[in-house]
Amino acid sequence: MNDLIGSALGPSLVPLLLGGLAVFAGAVVQGAVGFGVALVAAPVVTLLDPSVMPGAVQVVGAALPLLALAAEWRHVDWRGVGWALLGRVPGVLAGVWVVKAASPRALAVIVGVMVLAAVALTAWTVTVPRTPRTLVLAGAVSGVTGTATSIGGPPMALVYQHARGPRIRATLAVYFVAGSAVSMGALAAGGELPARAVVAGLLLVPFMIAGFAAAGPLRRYLDGGRIRVAVLVVAALSAVLLLIRGAG
C-alpha cells in the first residue's frame, strides 16, 4: 500500500501530494481563523497512511502556531492558556492510553468519531462562558482528542469563539505549541511516536508553510464562516470514509 514515506528510494509522490494538499488547505484555514489544520489533515493522512498517525499531524500542529505567534503574540490570553494547560496534562495521559490500546482500524474509527463530533460542536453555535472551570475542561478534552487523533482545536475554539480574531489566533497558537509538545513527549515516552511518523510530519511542513503564507493576504477578505462551513463539510466526508474503512 502506498504511504507518505514510500520506499528507501524516496517518498511516495502521490500520497505525499494528497496529504500535502490537505495540510495546505488546513493551514489556510488555521491561518485565517486560528484552528483547522488537524481537522482537515488528520482524516486524509489517516486514510493515506494510518501508521504515521497521530504523530505526523502532531509535528505539523506544533510548527504552524509558531508562524502565527510571530505575527500576533501580543494578543495572547496567558491566563486562559495556563488554565487550559492545567487540564491538558491528564487529558494527554488518557490520550496516550487510547493510542496504545487501539488497533490501526479502531484508531481510524476513533478519528472519524472525533472529527464528526468536532464538526458538530464547531458548526453548532454554542455560548460557552470563559471561566477557569470551562478552560480546564476544554484543555482536558483537547488533551485526549489532540493526543489520540491530533485534533485538539475545537474544544478550545468553542471557549474562545466570541473573542476577537487576533486574540483567538494568538491564544490558540500558544496552547497548540505547548500542548503538542506535551502530547508528542508523552507519545514518545509511551513508544507511540515512531521515527517514520516524525519524518512524515516533516515532509508535510513545506505544504503547511505555503498554506499559512496564502492565508496572510486573504485573512481580511475571506469570510471565516463560509470557509469553516466548506472545510467542515470536507472533514465530515473524510470522517465518514474513515468510519466505513474502520468498520470494513
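The values are calculated or read from the model by the stated rules, or taken from the named source; none is laboratory data. The model shown is predicted, which means the values in this text are computed figures rather than measured ones. Here the Cβ positions follow ideal geometry from the backbone for every residue, glycine too, while neighbour counts run over all protein chains shown. Note: areas computed on protein heavy atoms with side chains; ligands, DNA, RNA excluded. Shrake-Rupley method; radii C 1.70, N 1.55, O 1.52, S 1.80 Å.
At pLDDT 90 or above and open to solvent by 30 Å² or more (accessible area, probe 1.4 Å): which single residue out of Leu193, Leu187, Leu243 fits that description?
Result of the check over Leu193, Leu187, Leu243: Leu193.
Cβ contacts < 9 Å: first residue over 17 Å from Met184 (Cα atoms) and touching a residue at least 24 places away in the same chain (Cβ under 8 Å), restricted to the range 195-211; second residue among the aromatic types (Phe, Trp, Tyr) and crowded, with 17+ Cβ neighbours inside 10 Å, any location; separation 6+ or different chain. Result?
These pairs meet every condition: Phe207/Phe24; Met208/Phe24; Ala210/Phe24; Gly211/Phe24.
Residue by residue, here is whether (1) open to solvent by less than 10 Å² (accessible area, probe 1.4 Å); (2) in a helix (DSSP H, G or I); (3) in contact (Cβ under 8 Å) with a residue 24 or more places away in the chain holds:
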position: Leu17; (1), (2), (3): no, yes, no
position: Val23; (1), (2), (3): yes, yes, yes
position: Gly26; (1), (2), (3): yes, yes, yes
position: Gly31; (1), (2), (3): yes, yes, yes
position: Phe35; (1), (2), (3): no, no, yes
position: Val40; (1), (2), (3): no, yes, yes
position: Pro43; (1), (2), (3): yes, yes, yes
position: Leu47; (1), (2), (3): no, yes, yes
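Between Ala70, Ala101, which is within 25 Å of Gly216 (Cα to Cα) and free of Cβ contacts under 8 Å to residues at least 24 places away in the same chain?
Ala70
Restricting attention to helices (runs of 4 or more DSSP H) lying wholly within the range 75-174, give those where 2 or more residues are open to solvent by less than 10 Å² (accessible area, probe 1.4 Å) and at pLDDT 90 or above.
Hits in the range 75-174: 78-101, 132-149.
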